[in-house]
1. Out of segment 34-60, which residues are among the hydroxyl-bearing types (Ser, Thr, Tyr) and surrounded by 15 or more Cβ atoms within 10 Å (Cβ to Cβ)?
2. (1) out of contact with any Leu (no Cβ under 9 Å at 6 or more places or on another chain); (2) more than 30 Å from Leu66 (Cβ to Cβ): which one isn't true of Phe209, the others all being true?
3. Scan segment 145-171 residue by residue and report those that are more than 17 Å from Lys203 (Cβ to Cβ), modelled with pLDDT of 90 or more and surrounded by fewer than 15 Cβ atoms within 10 Å (Cβ to Cβ).
4. Being surrounded by fewer than 17 Cβ atoms within 10 Å (Cβ to Cβ) and of a type in the set (Gly, Ala, Ser): is that true of Ala86 here?
5. Which residue pairs have Cβ atoms closer than 9 Å, lie 6 or more positions apart in sequence or on different chains, and pair a first residue in segment 43-66 that is on the phi > 0 side of the Ramachandran plot and assigned by TED's automatic domain parsing to the domain that holds Ala86 with a second residue that is modelled with pLDDT under 90 and in a loop (DSSP other than H, G, I, E, B)?
6. Answer yes if at least one residue in segment 90-107 is touching a strand residue (DSSP E or B) at 6+ places or on another chain (Cβ under 6 Å) and either in a loop (DSSP other than H, G, I, E, B) or aromatic (Phe, Trp, Tyr) (or both), and no otherwise.
7. Name the single residue that is farthest from Lys23 (Cα to Cα) among those in segment 74-93 being in contact (Cβ under 8 Å) with a residue 40 or more places away in the chain and of a type outside the set (Gly, Ala, Ser).
8. Which one of Leu126, Leu171, Leu138 is touching a residue at least 24 places away in the same chain (Cβ under 8 Å) and closer than 15 Å to Tyr225 by Cα?
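The values are calculated or read from the model by the stated rules, or taken from the named source; none is laboratory data. Please read all numbers here as calculations on a predicted model, not as lab measurements. A quick note on method: Cβ atoms are made from the backbone with ideal geometry, for glycine too, and the neighbour counts reach across all protein chains shown.
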Amino acid sequence: MAKEYKKNISIKQWSEDDRPREKLAKQGSRILSNAELIAILIGSGNKTETAVELSKRILNSVDNNLNDLGKLTIQELEKFNGIGTAKAISIIAALELGKRRQSSELSKKIKIGNSNDAFEVLYPMLSDLPHEEFWIILLNQANKVIGTERVSIGGITGTVADIRIITKIALERLATGIIISHNHPSGNLSPSKQDLLITQKIKEACSFFDIHLLDHLILADQKFYSFSDHSKI
């Protein structure tokens, strides 16, 4: 007996008020669900699912967590029937733009008063990376953010923090204080001996130029470890 396939009504057959693109045009993007926004990105579904239904299935696979969705690779997204390379790239690019927008908004003259303030600035850049990266926050005399810079990109188990590059960036931006940070893709927040050693070396190097190293944050998943909070700086 031939297998019966679910016959879907295409989005074009929906009421105009229910179509994601038309809803966005008339009512704005905030009215749309996450699935509807992703459906606009991918444009079409497959033989048995509309773009919205396919988007819901993709979201369900990560428990509707956009942070976890941002961790999916092109190859992982392509496992969903109806998602090819171009659609996968569109999803990844859109999520990356969202992260960069969040980072840009957070770093506009925000005053860093504690480790959590620094974490909120760094989180969009380091939250869902499968590899290690090293970043610095540049601060003025009032501890307001004047910029963020990526210092290096590494592998799964480590990255290099070049002290010369860090001091050069801080001097060029006329920063009086910096906060350094890197992520642990393993999820382990504990600092390694190398983490402790490089922190002290950076602190000593910065002191020659009257630049204060205020903290070193390690990020893993949605948590962080602060060297300052643990009196290790």
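1. Thr50, Ser55
2. Here Phe209 clears every test but (1).
3. Result: Arg150, single match.
4. Against the criterion (surrounded by fewer than 17 Cβ atoms within 10 Å (Cβ to Cβ) and of a type in the set (Gly, Ala, Ser)), Ala86 qualifies.
5. Nothing qualifies.
6. Among the residues of segment 90-107, at least one is touching a strand residue (DSSP E or B) at 6+ places or on another chain (Cβ under 6 Å) and either in a loop (DSSP other than H, G, I, E, B) or aromatic (Phe, Trp, Tyr) (or both), which makes the answer yes.
7. Ile83
8. Selected residue: Leu126, the only one of Leu126, Leu171, Leu138 that is touching a residue at least 24 places away in the same chain (Cβ under 8 Å) and closer than 15 Å to Tyr225 by Cα.
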